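Structure first, commentary second.
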Amino acid sequence: MNANTRVRCGIDTGGTFTDFVAVDEASGELVASKWPSSHDNPVEAIVNVVKESGLPPESIYFLILGTTVATNALIQRRGAYVVYVTTEGFEDVLYIQRMNRRYHYSYEWTKPLPFVEMRNCVGVRERIDAKGQVVVPLERESMEQLAREVEARLEGHRVEDSAIAVCLLFSYLNPDHELRLKEFLQSRFPGVAVSISHEVAPIWREYERGSTVVADAFVKPLLQRYVNSVRESLDSLGLSCPWAIMKSNGGHASASAAEGQPVNLILSGQSGGIIGGKYFGDLAEQQDLITVDMGGTSCDVGVVQGGKLSYITNYEIEWGLPISAPFVDLTAIGAGGGSVAWIDKGGFLRVGPQSAGAMPGPLCYGRGGTEVTVTDANLTLGRLNPEYFLGGKMKLEATRAREGLAKLGSELSLSAVEAAQAVIDMANENMANAIRLVSIERGLDPRDFSLVAFGGAGPLHAGGIVEKMGMTRIVIPLYPGLCSAFGAALADFQVDKVWSTNYRSDGMDGDLIIEQFRDLEAAARDELREEGFSAVPEILRSISMRYAGQNYEHDVSLEGGGVSAESLQQAFGEFHRLHEQLYGYSISGEVIEMIRVNVTAVGRTRKPRLRAPPSGGDPRPRQSREVFFDRSGFVSCPVYRRDDLPGQFSLVGPAMIEEADSTIPVHPGHTLRVDRNGVISILA
């Protein structure tokens, strides 16, 4: 890149590596770099990966960061000391939870603990009814009594590590009491973070709303410190450009907005991957995609149908601990290159969810790791080049990996190679199950989808996964190990707004619903402008519906240019069709309840056209290597460098394609094709 280059950058802080991608929107040129992640100091890896790129600070005009800080804080339960304030008489809702059980017949299963201690659930005298009317006013005396109780519970705890979560009954209909409490608590306890439920999750269902606002408060002090650290670090690098953080909905938010509502960042680190996967799926002219992002620690599986991302409004950090916010629809499992292979009490082989991470890492890293991992298995099967890991920056110790697998295999009466294949089979089966969860269980046939495989380990396992699933096409992005960072660089602005309601199809107030849509659209546009998007946004509308008496609703999109009585009626018909697709039946003529109206405002960013590789020529393999395939055993494979492959090139496996951030096995009988954009497709 020349001195006048201006680039848009994405950073993804994964569990094992932190990835950096810069895109020159004018030329389509990419600059990429990686650095080992640091769990204790994630900002350190951000600084190092920017330095590693070699880009001058003045060339970067915008930077988007995907982070797992909020996710890790919730998973590891390392967050703030929270006091929960709710309407008097409802203090136990977070512990009562729901009547459903994860294991119906287990006497040992217990409900998960909320992110707040029971003794810290405090009631305040006030009451708003289901119509938003004040039944019991919030008096000054009640607030003073609350302050004394909160003060007693915060005693002995550092202000900067404490937070207050407020969830009052029906505050999503009338937020006056919550707003007054927020102002009062902030003045009485300066420096203590305060989250209120109607701002974080303006939805009905008190448990879900309470659980969400507690999660927001739990991670808020940590996110505020993280944002400040990133801000200071970027300043130290001489970066004066605006920067943003990826949100769980696949959009991005300014740093100040992100630290204000950190619950929107729970899947920040994962959402960039599916955006990058969709981009390369579009380049490969594939509209129906299942994305598999397999890194060093975990694997995220998502669905793109008809060229559109799928979204959900509920996510569970643990079973029974919901967070109600807009999320890109992803399923995450503990399957990565660093996933540990182990034998359970019954003598069965398991892989994950525990991971060796980057430090000490797999056995073959030679950094003191003591447990066999998926990476060790791939190396033993010849699928990794010990001299070209991370583009040759790191040498792998094949002997240590094989010795570890021989020891594991001895416990299973298997050779080292057989044990390695068993580890790969188990990891592939875990990922296949995740694909079944997002496809078959939702009425989708995965055989109708192309598999977009990325992350450092995704392409390594793609061939085995499609054979298990009966799928026929694999798409491998450019720089597959950096696809999540690339997706972050491409991310649009996005704001989601909801309004909770309770109307029936046989007695709805259509004019009021239309008015509420207009109000939500105006609020979403205003927020986009505050985020820095000045053009005309794309508006998406939907209604959450269910049959009368059902417990759970589904989102139905309103197609067309606006909301009208006609489009509302069409939505009812679409709900019947959706219900039949999901459950195998619909109930014609049944009353439909409308639970929530939803508006999404999207500020589209310009997507770059990547520099196409030269076409023609006959690339020569760099070497030949013995590689083990399940059905063929060890086979002599030509080994190519991806950079050597021209556009419009094809070959029939077996073969190995190496690049700095990943490796692509072409299984025997599979056909690899490089298109004019440099994107690889493999036909199984």
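The values are calculated or read from the model by the stated rules, or taken from the named source; none is laboratory data. All of these numbers come straight from a predicted model, not from anything done at the bench. Cβ coordinates were reconstructed from backbone atoms using ideal geometry, including for glycine residues, and neighbour counts include every protein chain displayed. The area values use the complete protein model at the heavy-atom level, side chains included, leaving out ligands, DNA and RNA. Shrake-Rupley method; radii C 1.70, N 1.55, O 1.52, S 1.80 Å.
Worth pointing out:
- Residues that are at pLDDT 95 or above and under 30 Å from Ser681 (Cα atoms) within region 398-417 comprise just one, Val417.
- Val69 vs. criteria closer than 26 Å to Leu265 by Cα and in contact with a Lys or Arg (Cβ under 8 Å, 6 or more places away or on another chain): no
- Residue check, Glu566 at pLDDT below 90, more than 16 Å from Asn502 (Cα to Cα) and not assigned by TED's automatic domain parsing to the domain that holds Ala244: yes
- Check on Asp511, open to solvent by 30 Å² or more (accessible area, probe 1.4 Å) and either small (Gly, Ala, Ser) or modelled with pLDDT under 90 (or both): yes
- Subset of region 200-238 (residues that are open to solvent by 10 Å² or more (accessible area, probe 1.4 Å), part of a loop (DSSP other than H, G, I, E, B) and in contact with a strand residue (DSSP E or B) (Cβ under 8 Å, 6 or more places away or on another chain)): Pro202, Ile203, Trp204, Arg205
- Among the residues of region 68-99, the ones that are modelled with pLDDT under 90, among the β-branched types (Val, Ile, Thr) and either part of a loop (DSSP other than H, G, I, E, B) or under 16 Å from Ala165 (Cβ atoms) (or both) come to 1 in all.
- Scope region 588-604; condition of a type outside the set (D, E, K, R) and open to solvent by 20 Å² or more (accessible area, probe 1.4 Å); matching residues: Ser588, Gly589, Val591, Thr600
- The requirement of being closer than 18 Å to Phe575 by Cβ, in a loop (DSSP other than H, G, I, E, B) and out of contact with any helix residue (DSSP H, G or I) (no Cβ under 8 Å at 6 or more places or on another chain) is fulfilled somewhere in region 502-513, by at least one residue.
- Candidates in region 87-101 are the residues that are under 30 Å from the mean Cα position of the chain (by Cα) and open to solvent by less than 60 Å² (accessible area, probe 1.4 Å); of these, the one that is nearest to Ala215 (Cα to Cα) is Leu94.
- Qualifying residues in region 31-55 (those that are open to solvent by 50 Å² or more (accessible area, probe 1.4 Å) and in a loop (DSSP other than H, G, I, E, B)) - the one nearest to Ala244 (Cα to Cα): Asn41
- Check on Gly281, open to solvent by less than 10 Å² (accessible area, probe 1.4 Å), part of a loop (DSSP other than H, G, I, E, B) and among the small types (Gly, Ala, Ser): no
- Among (1) out of contact with any helix residue (DSSP H, G or I) (no Cβ under 7 Å at 6 or more places or on another chain); (2) over 30 Å from Gly463 (Cα atoms); (3) part of a strand (DSSP E or B); (4) modelled with pLDDT of 90 or more, the one test that Arg541 misses: (1)
- Of the criteria (1) hydrophobic (A, V, I, L, M, F, W, C); (2) outside the structural domain of Val122 (by TED's automatic domain parsing); (3) in contact (Cβ under 8 Å) with a residue 60 or more places away in the chain, which one Trp35 fails: (3)
- Of all residues in region 609-636 being in contact (Cβ under 8 Å) with a residue 40 or more places away in the chain and of a type in the set (A, V, I, L, M, F, W, C), the one that is most open to solvent (accessible area, probe 1.4 Å): Phe634
- Only listed residue being of a type outside the set (Gly, Ala, Ser), modelled with pLDDT under 85, within 20 Å of Ala325 (Cβ to Cβ) and surrounded by 15 or more Cβ atoms within 10 Å (Cβ to Cβ), chosen from Glu531, Glu527, Glu521: Glu531
- Look at (1) open to solvent by 10 Å² or more (accessible area, probe 1.4 Å); (2) part of a loop (DSSP other than H, G, I, E, B) and you find that Gly28 fails only one, number (1).
- Just one of the listed residues (Asp216, Asp235) is modelled with pLDDT of 95 or more and among the acidic types (Asp, Glu), and it is Asp216.
- Yes/no for Ile595 being in contact with a helix residue (DSSP H, G or I) (Cβ under 8 Å, 6 or more places away or on another chain) and of a type in the set (Val, Ile, Thr): no
- Matching entry among Ile323, Ile275 (being under 11 Å from the mean Cα position of the chain (by Cα) and not assigned by TED's automatic domain parsing to the domain that holds Val200): Ile275
- Set side by side, the residues Ser256, Ser248 differ, and just one is of a type in the set (Ser, Thr, Tyr) and open to solvent by 10 Å² or more (accessible area, probe 1.4 Å), which is Ser256.
- Residue among Leu223, Leu234, Leu239 that alone is over 25 Å from Pro114 (Cα atoms) and within 25 Å of the chain's Cα centre (by Cα): Leu234
- When Phe486 is tested against the conditions (1) surrounded by fewer than 23 Cβ atoms within 10 Å (Cβ to Cβ); (2) at pLDDT 85 or above; (3) assigned to a helix (DSSP H, G or I), the lone failure is (1).
- Selected residue (criterion: farthest from Leu379 (Cα to Cα)) from residues of region 407-438 that are among the hydrophobic types (A, V, I, L, M, F, W, C) and open to solvent by 10 Å² or more (accessible area, probe 1.4 Å): Leu437
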